[in-house]
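One structure is given here, and the rest of the page talks about it.
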Amino acid sequence: MEFPYLFSPIKINTMALKNRIVMTAMHLGYTPEGEVTDRLIDFYALRAKGGVGLIIVGGCPIDELGGMASMICINDDRFIPGLKLLTDAVKKNDAKIAAQLYQAGRYTHSAAIGGRKPFSSSAVRSKFTGETPRALELDEIPGVQDKFAEAAVRAQEAGFDAVEILGSAGYLISQFLSPITNLREDKYGGSMENRMRFGLEVVEKVRKAVGPNFPILMRLAGNDFMEGGNTNKESRRFASEAEKAGIDLFNVTGGWHETRIPQLTMNVPRQAYVYLAQGIKSAVSVPVLASNRINDPYIGEAVLRNGQADLVTIARGLLADPDFPKKAKNGKSDLIYHCTACNQGCFDSIFRLQPATCLVNPRAGKEGELKSVLTAEPKKILVIGGGPAGMKAAVTAAERGHTVTLLEKGDELGGQLLLNRHTPGKEEMFTTATDLINNLKALDVKILLNTEADIPFIKEMSPDAVVVAAGANPILPDIPGIDGKNVVQAWDVLAGHVGVGEKVVVIGGNAVGLETALYLANQGTLSPDILHFLMTSRAESFETLTELLNKGSKEVTVVEMTKKVGKDIGLTTRWTVMGELRRLGVNIMTDTKAVSIKEDGVEVVKADGPDFLHANSIIIAAGSKPENSLVSEIESLVPESYTVGDAKKPRNALDAIKEGFLAGLKI
Ligand SMILES: Cc1cc2nc3c(=O)[nH]c(=O)nc-3n(C[C@H](O)[C@H](O)[C@H](O)COP(=O)(O)O)c2cc1C
């Protein structure tokens with residue numbers, strides 16, 4: 001067995017888990033009315049079938065004042081029958097299931113609770129909602145705590161194996177715990193002992209309500225990452241007290257929604273926050289679950305083997321691949337589709353109040369609707385283009401029993417995913433390419449590299465169906481001087497095909513332009529291993545190291561003619577990219593149009609008039625146009641054809657992979 005730690009059983013109070021893999025709570029938006037839906041059941045039943053040990057669902061609002069739209073409600077007995085269908089479906093597939101008890105306090109939007117004012121420990125404005133809550137009156141507090149206990153009893157009645165009290169991320173319990181949001185002067189405020197009281201009483205009430213044998217988990221921030229807030233030290237103390245009050249497992253994450261330290265984005269290194277779980281583990285004797293960016297079984301195994309935690313969270317990783325545990329257990333971990341933390345399908349969708357899906361798994365959230373069925377009529381299929389859309393079409397069609405040939409004109413599969421290989425914080429996108437390639441190989445798809453599709457080839461092959469996924473070509477804008485020797489395309493820079501000078505102007509401030517700027521601005525800064533070496537050997541001062549981390553060897557300016565850069569980057573990621581650009585000193589000029597390129601720079605027009613930007617190299621990131629020159633001829637040649645991804649219309653990888661998948665399902 002390759003992963004003995006990951007697949008060893010563990011007992012949480014009376015709950016026996018078959019392995020150490022936990023899918024922690026994710027608000028997915030599959031329950032528009034709060035009632036459990038078939039969509040939710042299909043989603044979780046498939047994850048249970050895929051071999052996960054424990055699924056935690058939610059957040060489940062415990063009352064009517066602390067939730068938001070489309071959550072799985074547990075605040076009334078009428079939800080119990082639906083919840084029972086969910087727990088039955090998961091348990092039938094040999095996994096355990098817990099409900100997360102959720103009360104968001106000042107993170108509740110008043111619009112989500114009928115215009116009423118949300119409550120909190122104190123009336124401290126929330127940057128997350130832009131609203132100021134009201135402080136709970138002393139005599140209201142027991143009633144709020146009772147709601148946790150009542151919800152826990154409902155969870156028991158609905159067949160859940162455990163409940164999880166949400167004590168992290170800046171929600172109600174953390175609000176009481178933190179000196180930033182708890183300014184009370186009664187027995188629930190002031191000293192740490194008083195601030196802990198609200199949460200500890202919740203635990204005691206829940207324990208009393210469910211009895212001694214029912215597992216109670218608690219989600220906790222190992223560090224709030226809020227200036228003036230609780231840190232590793234306070235969280236350890238609280239965990240230790242919460243264990244005494246009745247907690248059977250701590251699920252450790254970090255940060256609040258308001259923190260400026262990224263928690264879930266691609267630039268968070270894999271297993272970055274395991275140290276927080278390790279910290280809590282040192283303070284308690286019950287099992288501890290490590291969370292965030294553990295997206296690979298090898299990492300999970302190492303975390304457990306190293307004794308840093310007792311269980312690991314694979315949350316988005318199971319959105320990306322429901323069979324993650326099964327593949328790892330059966331020696332097929334190379335076929336896992338890894339979560340890249342792009343957040344495009346999940347977190348970004350939820351922020352737009354849309355149901356969650358997944359860039360690498362377009363079936364996520366549509367399990368009942370989009371079934372991959374073996375074909376009764378195997379066909380000979382040609383896929384033109386080895387980018388994400390083409391690879392996904394090829395994999396999907398081959399899985400259904402078709403014979404697939406994949407043509408790629410370059411010498412490597414991956415398309416635009418390859419461009420992210422060396423971009424700081426974006427490297428994980430390359431994993432998507434590797435995963436698709438591994439699956440293509442396992443399915444015996446015939447891959448022809450360095451082969452351009454042309455009509456004689458197609459006639460000779462005579463396929464039953466063709467998928468055109470030839471991608472896009474970068475646009476050369478009509479600017480005088482664009483054909484100069486000092487002008488290069490962003491794609492060529494990112495691919496490492498060309499080098500650039502010390503002073504650089506990037507024309508175009510969408511995702512590709514900003515990623516190119518990041519890639520260049522990062523050149524000449526300290527690499528992680530050199531930083532580690534210099535820091536541990538105390539070779540340089542903290543100030544010098546910080547400077548060496550933030551200042552590279554290139555001076556980079558981005559010129560964007562509209563008012564905003566990075567408009568095509570998802571809401572939950574854009575702020576991290578902007579932060580990195582700022583840190584690396586990239587000069588961003590919006591409302592600025594490049595009008596002419598000269599040998600020594602670019603003439604621009606800004607809102608306040610013309611300017612000249614000196615530069616050795618000018619990089620063009622002005623978008624792309626579809627490569628679909630063969631489409632109409634192909635349509636007349638073959639019985640069935642599809643054009644997908646950028647070849648249809650340049651967009652992001654989420655659309656490309658979805659379209660490739662749908663074509664593969666349809667053929
Ligand atoms: C769309 C989405 C919704 C989430 N909702 C919740 C939630 O309601 N409660 C919670 O404790 N964590 C929530 N999380 C955090 C996850 O449980 C998990 O900690 C996080 O995704 C990091 O783990 P991962 O890298 O394995 O995905 C959510 C995450 C995502 C992406």
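What follows is calculated from the coordinates using simple rules that are stated; it is not laboratory data. Owing to the predicted nature of the structure, the values given are computational and were not obtained by experimental measurement. Using ideal geometry, Cβ is built from the backbone for each residue, glycine included, and neighbour counts are taken over all protein chains shown.
The table below gives the values:
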{"quantity": "Nearest-0.05 FRET efficiency for K326 and L449, computed from C-beta distance (R0 25 Å)", "calculated": "0.20"}
{"quantity": "Hz values of 3J(HN,Hα) by residue in segment 33-41 - Karplus curve (6.51, -1.76, 1.60), Gly and Pro given as x", "calculated": "9, x, 7, 4, 10, 4, 4, 5, 5"}
{"quantity": "Relative contact order computed over segment 549-597 (Cα-Cα under 8 Å; 6+ residues apart), in percent", "calculated": "61 percent"}
{"quantity": "Mean projection area, nm², convex hull over Cα of segment 543-667", "calculated": "12.3 nm²"}
{"quantity": "Reduced Cα scattering model of segment 1-112, Debye log10 I(q)/I(0), q = 0.10, 0.13, 0.15, 0.23 Å⁻¹", "calculated": "-0.32, -0.52, -0.66, -1.23"}
{"quantity": "For peptides 242-254, 182-194, sequence by mean Cβ density within 10 Å, most packed first", "calculated": "242-254, 182-194"}
{"quantity": "Percent of Cα-Cα distances greater than 16 Å, calculated over segment 494-569", "calculated": "58 percent"}
{"quantity": "Per-pair calculated FRET efficiency, R0 = 41 Å: R125 and K208 via Cβ, rounded to 0.05", "calculated": "0.75"}
{"quantity": "Shape metrics for segment 102-168, restricted to C-alpha atoms - Rg then Dmax, Å", "calculated": "13.7, 38"}
{"quantity": "Ranked H338, H422, H614, criterion: other C-beta atoms within 10 Å, fewest first", "calculated": "H614, H422, H338"}
{"quantity": "Computed Kirkwood radius, in angstrom, where 1/r is averaged over Cα pairs of segment 390-545", "calculated": "18.9 Å"}
{"quantity": "Extension reserve of the E369-E35 stretch, reckoned as 0.36 nm per residue once the Cα distance is removed", "calculated": "118.3 nm"}
{"quantity": "Pairwise Cα inverse-distance average, inverted: Kirkwood Rh of segment 317-375 (Å)", "calculated": "12.4 Å"}
{"quantity": "Near-label residues of segment 569-602 by backbone N, under 15 Å of a point 7 Å along Cα→Cβ of M561", "calculated": "590-597"}
{"quantity": "Within the chain: Cβ-based charge dipole about Cα centre, in debye rounded to nearest 20 (Lys, Arg +1; Asp, Glu -1)", "calculated": "1220 debye"}
{"quantity": "Calculated FRET value between I475 and R421, using beta carbons and R₀ = 22 Å, to 0.05", "calculated": "0.45"}
{"quantity": "MRE, 222 nm, helices only [DSSP H, n ≥ 4, -39500 (n - 2.57), over the chain, to nearest 500]", "calculated": "-9500 deg cm²/dmol"}
{"quantity": "Estimated inter-spin distance, E599 and K649, nm [label 7 Å along Cα→Cβ]", "calculated": "4.4 nm"}
{"quantity": "Cα Rg, Dmax, the chain, angstrom units", "calculated": "26.6, 83"}
